[in-house]
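Coordinate-derived values only; no laboratory data. Only a predicted model underlies this, so the values are computations on that prediction, with no experimental measurement involved. A quick note on method: Cβ atoms are made from the backbone with ideal geometry, for glycine too, and the neighbour counts reach across all protein chains shown.
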Ligand SMILES: [Zn+2]
């Protein structure tokens, strides 16, 4: 009973922290319009721009999605035309909801030892934003994915060396988890690169660039989580594609973005532990 009340209180606190973050992060979504490069066109994808006037809204280069425009986070006004960029409702709601789930699981964490709250919340923030952008315009923008690597590695390093919280038995640095996380990062990036190399039409290059980040997180609890996460990704995206085809909403050539399924599987593994452990 005490655990339940504590979990509910932590869910409310984490969800509350997620509200302003989700609102600010939701403004990133309209900055990325649809971009369909011609085959063979390797030009750089368009930078984040105002959806009203097309002026560029530059980001701090080493932080994913943090605008360099003063006040953009707070009021969402474009520096050129002063119109408001309205936040995506899916991100504005999605971030507090996944933060609340993470808060409810802080005590009853299935993955021991903990990867650390900062690393966990960072994945959830970036994951919700990328899921919504990929589902909307089939892109995983470099300006969000690439700077997430150094940030995530630093936060996972912090999780490795940070002292255990008071409610947990004191342990030394989680070296074993750090090692499997780094192997997971390299292994999943290599696996997606191989799939892309064999059949480039099957997935986007953006999926390959995202894979290492998710492998880092899924590998923290052991390499089994990386395998389960990849399996879950393809199982769910295939089931989704077959459902769309059965409903007559998609043909065999319809491109279904893989990013939301990759991120969803990573959320499951990181929040609830390796799903294969539940099998008899
Ligand atoms: Zn503008």
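How long are the semi-axes of the equivalent ellipsoid of the chain, defined as square roots of 5 times the Cα gyration tensor eigenvalues? Whole Å, largest first.
They are 30, 25, 18 Å, listed from largest to smallest.
Let me know the shape class of region 197-247, please: from the alpha-carbon gyration tensor, a ≥ b ≥ c as square roots of the eigenvalues, rounded when a/c is under 1.5, otherwise prolate if a/b is greater than b/c, or oblate.
Oblate, since a/c reaches 1.5 and b/c is not below a/b.
Among 52, 35, rank each residue by its count of other Cβ atoms within 10 Å, from fewest to most, as a rough exposure measure.
Sorted ascending by nearby Cβ count, the order is 35, 52.
Arrange 158, 175 by Cβ neighbour counts within 10 Å, fewest through most, would you?
Least crowded to most crowded, the residues run 175, 158.
Taking a ≥ b ≥ c as the square roots of the Cα gyration tensor eigenvalues, with a/c under 1.5 meaning rounded and otherwise prolate when a/b beats b/c, else oblate, which class fits region 114-280?
Note, shape of region 114-280 comes out prolate.
For region 227-280, compute Rh as the Kirkwood radius over C-alpha pairs and then the Stokes-Einstein diffusion coefficient at 25 °C and 0.890 mPa s; write the answer in µm²/s, rounded to an integer.
Stokes-Einstein gives a translational diffusion coefficient of 204 µm²/s.
In nm, to one decimal, how far is the modelled label at residue 74 from the one at residue 252, with both set 7 Å along Cα→Cβ?
Output for this residue pair reads 5.7 nm.
May I ask you to compute the full-extension gain from residue 107 to residue 157, defined as 0.36 nm times their residue separation minus their alpha-carbon distance, rounded to one decimal in nm?
15.9 nm
Using label points projected 7 Å from each Cα along Cα→Cβ, tell me how many nm separate residue 149 and residue 8, to one decimal.
4.5
Most exposed first by the Cβ proxy, i.e. fewest other Cβ within 10 Å, how do 74, 209, 253 rank?
Arranged by neighbour count, lowest to highest, 74, 209, 253 become 253, 74, 209.
Of all the Cα-Cα pairs you can form in region 48-95, what percent are over 15 Å apart?
For region 48-95, the fraction of Cα-Cα distances above 15 Å is 47 percent.
Residue 136 to residue 243: FRET efficiency via 1/(1 + (r/R0)^6), r the Cβ-Cβ distance, R0 22 Å, to the nearest 0.05?
0.65
Can you give me the C-alpha center-to-center distance between region 8-25 and region 168-238, rounded to a whole angstrom?
One Cα centre to the other: 27 Å.
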